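Read the structure below first, then the notes.
Every number here is computed from the coordinates shown, using simple stated rules; none is lab data. Everything quoted here is computed from the prediction, not taken from an experiment. No Cβ is skipped: glycine too gets one built from the backbone with ideal geometry, and neighbour counts run over all protein chains shown.
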Amino acid sequence: MSNDALDWTAATAEAVRVFKDLLRIDTTNPPGNEILAVQYIAEILDREGIEYRIVEREPTRANLVARLRGSGKGGGPLLLNGHLDVVPVDRDKWEHDPFGGIEAGGAIWGRGAIDMKNMVAMSLMSLIFLKRTGAALTRDVIFAAVADEEAGSRSGSLFLVEEHPELVRADYVLNEVGGHTLHMGGVRFYPIQVSEKGTCWFEITAEGEPGHGSMPHPRNAVVRLSRALAALGSARLPQHNTPVVEGFLKKLAEHIPFPQNKIIPLLLSPALSGPILDLLEKKSPEQAMGLNALLRNTASPTMLSAGRKVNVIPSAARATVDGRVLPGQTREDFVREIERVVGEGIKIHVLQHHEGSVFRADTPLFEKVCQTLERHDPGAIPVPYMIPGFTDAFAYKKLGATCYGFSPVRLPPDLNFTRMYHGHNERIPVDGFAWGLRVLYEVVRDFCGPL
């Protein structure tokens, strides 16, 4: 580990200012309009004298890629990735302006505070700190601020990988969803993402006979679709244990107290996991929801469409469904599971699909991540983890990169991390952000520094 001349009080204050500025830039996708955030970042990089390129697949959907060059003696580049787009908000459900970058109650509030402008700010500032301190890099450090992750990455990381691979080709990628504190049984774990589910977004259609709304009949397409959606909403698809999830649950059980240490491994039994999840739902619904998603493919209806007039029974009704598929499961496997649930007479049309991902955890970078976490939170336990969603990792793996979800933040026990994703009142503790900034910087500095 090397020393540097950073004043961490001043460095943290500067990073917080940049983070708040990014939160104040509305990059809701759709439409995205990430060019506004890219222009802000470009102005900072210009002042720091750091080289970068801006490329876009379509107007306003900009991506910025910056690079600090190293000697190459340590290996290929390390890429720090952060997506600039955010999901829509219901403003009336928020306590503070979701695009105000407001600090209140010891936290910074805003859409993107966790997903994932915090990582954008931390990565940008890590690059700047390396430049200012004159770090002797033995491998290149790349920073990619990308568009469109929330809608499938076609104008973002996928565009870079397919059209500008020379900008983002790297040995390793550090990305979102990992490095946060998970409190369980009085123990602090830090899940590090080494795996993620794939997607299978699809549309289901029920057809029926049209008619006048004043005369109900049993062949109503809306009613047929409703039955299919009710079945989908109440079903648990078949269980498929993956090596990463099995290792994750066993690692938790090694360190948590009785009786949780005996119960958690039983989730790996298809015969027992259902009753256990049923009991857990009554005590901790969000924990049950998260564990359930690790054990099986899932499908969540998200959009509905039927009819054009209130007094006309339509001939068709449609729903769009967000399907998430475990690594090792194919699109065909997943569709068969859905067909068995929704029954005959329901058409399924796949809109978009990509497979799940798994990355090795026995690497020098993973070891460095664990060492740094343990140094900054003695007694904490890093653990490889699979997320039930997807990230830009699925794109970068096409170039052969090993990708980890590591956007470090120290969280108190009463702040539910998963609730922050796409939820109301998204926020991050100020001290947790400051802690994560230093952890990420030191991981990058030490991994890419002198051998």
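Details
- For the chain, the share of DSSP beta bridges that are antiparallel, to the nearest 5, is 70%.
- Database remark: amide H of Cys403 closer than 5 angstrom to the amide H of Val173 (H placed geometrically; neighbours at sequence offset of 5 or more, or on other chains; Pro and chain starts carry no H).
- Degrees separating the helix 331-342 axis from the principal Cα axis of the chain, which is the longest one: 40
- Members of Lys251/Lys283; Lys131/Lys368; Lys262/Lys283; Lys117/Lys250; Lys197/Lys282 lying beyond 24 Å, as alpha-carbon distances in this model show: Lys117/Lys250; Lys197/Lys282
- Exposure proxy shown here: for Ser155, Ser284, Ser407, the number of other Cβ atoms within 10 Å sets the order, fewest to most, as Ser284, Ser155, Ser407.
- Sorted by Cβ density within 10 Å, fewest first, the residues Tyr40, Tyr441: Tyr40, Tyr441
- Scanning residues 5 or more positions from Asp148 or on other chains, those with amide H under 5 Å from its amide H are Leu84, Asp85, with H placed 1.01 Å from N in the peptide plane.
- When the trypsin sites (Lys or Arg not before Pro) in segment 294-368 are filtered for DSSP coil states and for at most 11 other beta-carbon atoms within 10 Å of their beta-carbon, the remaining sites are Arg308, Lys309, Arg360.
- Cα centroid separation, segment 388-451 to segment 301-342: 32 Å.
- Compactness check for segment 198-354: Cα Rg over 2.2 N^0.38 Å is 1.27.
- Size descriptors for the chain, from the alpha-carbon set: Rg then Dmax equal 23.0, 79 Å.
- Crossing angle, helix 430-448 versus the chain [Cα axis fit, 0-90 degrees, rounded to tens]: 70
- Alpha carbon centroid spacing (whole Å) that separates segment 5-24 from segment 91-158: 12
- Order of Asp278, Asp171 - criterion: other Cβ atoms within 10 Å of each residue's Cβ, fewest first: Asp278, Asp171
- With contacts taken as Cα pairs under 8 Å and at least 6 residues apart, segment 198-354 reaches a relative contact order of 47 percent.
- Tilt relative to the chain, helix 270-283 - C-alpha long axis, 0 to 90 degrees, to 10: 80
- Ranking Gly134, Thr60, Val341 by how far each Cα lies toward the positive end of the dipole of the chain (charges on Cβ) leaves Val341 at the top.
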